[in-house]
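**Q** The structure follows.
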Amino acid sequence: MDYHALKEDIIEYSKTIGIDKIGFTSASTFEEMKVRLITQQKLNYQSGFEEKDIEKRVNPSLLLDKPKSIISIALAYPSKMKERVVSKKGERRGIFCRASWGTDYHIVLKDRLKKLEDYIQERIPDALCKSMVDTGELVDRAVAQRAGIGWSGKNCAIITPEFGSYVYLGEMITNLPLEPDTPMEDQCGTCNKCIDVCPTGALIQGGQLNAQRCIAFQTQTKGFLAEEFREKLGNRIYGCDTCQTVCPKNKGMDFHNHPEMEPDPEIAKPLLQPLLFISNKEFKEKYGHISGSWRGKKPIQRNAIIALAHFKEEGAIGDLITVMKKDPRPVIRGTAAWALGKIGGDESMTALQTANQQEEDQEVLQEIEDALQRLSHSL
């Protein structure tokens, strides 16, 4: 078998199925990444969403019998909306991060990888392939870096010369001995913009992230959000793009290569108040196809309440009072109480005083008392 010719054929075929960039690397262990992951674990910098077995994250031979190569793919996604909607008084809007615009990227990349697998197995029926996207065992960025897709930036994203860091990554382990590509040299240089502007200081140093402090991670948690993170959330209801938007390598990068990735502005930047009362069925119908829905509606609703407080949206006071009184979930009731304390006003004060006499959950009571104290000081 002429594996050099096969590699060229795979590259050409990838272009016909909507893969924007493809790279190849060996299936040897990712030793440098192993050291990083052990350090992350010791420092408790992991998010908890990752595969917990570090060996599986760095050793392809634990995932496929006698692997020889890994194929890395990248698909560019949009950084700007073609149609814009404006957040204004009385109609405040939240924002999903760009990586959650359009159809869930797991679905899109798995489709491309399946087509690539089928193509390879048509050519070589006994070829073994194992594909994964994000939630798989391997570290997508480590594979993409070694396969020459881009370099690992100080913002912990893969940055490509062609598309910046606005790319989704996926990979396929195979037992075919395909020639590896050359890794790309780091091009961040002395630039530290992403580290300097990270809202919570989650980027400890170039290439090291404390996921526990990352706004993107915090938007996906389900409990009460710590006070310091509430203040930093702004109108983000899922994810955070700050370390990408400030990156000079992303200047002017905006690609609309894939129709399924195009954002619906009403979903990517939704009105906040309707989110407070959305049912599970409505949430699944409207948001179920995007990656930002994977944790369910509760974190999105909590974040929407915080965003209304960020805007000091007085028009939302009535809705927030209803939520504080009637929502069955303590986290949502307590966050609504906090928001009323931030927005202020006599109506908020009266509602909080009433709730203080009726609420039974201790955490919610604490939020109510803190909100009342805040209002008393402001008056």
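**Q** Cβ-Cβ below 9 Å, separation at least six or inter-chain, first residue in the range 287-298 and on the phi > 0 side of the Ramachandran plot, second part of a helix (DSSP H, G or I) and buried (at least 16 other Cβ atoms within 10 Å of the Cβ): which pairs?
**A** Here the result reads GLY296/PHE283, each pair linking the range 287-298 to a residue that is part of a helix (DSSP H, G or I) and buried (at least 16 other Cβ atoms within 10 Å of the Cβ).
**Q** For GLN366, state whether it is in contact (Cβ under 8 Å) with a residue 24 or more places away in the chain and farther than 19 Å from LYS297 by Cβ. Full working, then the answer.
**A** Details: in contact (Cβ under 8 Å) with a residue 24 or more places away in the chain: yes; farther than 19 Å from LYS297 by Cβ: yes.
When the stated conditions are applied, GLN366 passes them.
**Q** Could I ask something else about it? Report every pair of residues separated by at least 6 positions or lying on different chains whose Cβ atoms are under 7 Å apart, first residue within the range 158-177 and more than 27 Å from LYS68 (Cα to Cα), second assigned to a strand (DSSP E or B) and modelled with pLDDT of 95 or more.
**A** GLU162/LYS21; PHE163/ALA76; SER165/ILE158; SER165/ILE159; TYR166/ALA76
**Q** If you don't mind, there's one more thing I want to ask. Taking the criterion of being closer than 25 Å to TRP294 by Cβ, of a type in the set (S, T, N, Q), surrounded by 14 or more Cβ atoms within 10 Å (Cβ to Cβ) and in contact (Cβ under 8 Å) with a residue 24 or more places away in the chain, would at least one residue in the range 54-73 satisfy it?
**A** Yes.
**Q** Would you mind listing the helices (runs of 4 or more DSSP H) fully within the range 194-252 where at least 2 residues are farther than 15 Å from ALA157 by Cα, touching a residue at least 24 places away in the same chain (Cβ under 8 Å) and not aliphatic (A, V, I, L, M)?
**A** 227-233
**Q** Under 7 Å by Cβ, and 6 or more places apart or on different chains, what pairs join a residue from the range 109-133 that is over 23 Å from MET1 (Cα atoms) with one that is part of a loop (DSSP other than H, G, I, E, B)?
**A** LEU109/VAL133; LYS110/VAL133; ARG112/ILE17; ARG112/GLY18; ARG112/ILE19; MET132/LEU138
**Q** Follow-up. Can you give me the number of residues within the range 15-71 that are among the small types (Gly, Ala, Ser), part of a loop (DSSP other than H, G, I, E, B) and more than 27 Å from CYS214 (Cβ to Cβ)?
**A** Residues meeting the conditions: 3.
**Q** If you take just the helices (runs of 4 or more DSSP H) that sit entirely in the range 268-379, which of them hold at least 2 residues that are modelled with pLDDT under 95 and closer than 17 Å to THR219 by Cα?
**A** Working: elements: 280-287, 297-311, 317-326, 330-343, 346-358, 362-378.
The helices (runs of 4 or more DSSP H) meeting that bar number zero.
The values are calculated or read from the model by the stated rules, or taken from the named source; none is laboratory data. Here the structure is a predicted model, which is why all the values come from computation and not from measurement. So basically every Cβ, Gly included, is an ideal-geometry build from the backbone, and we count neighbours across all protein chains shown.
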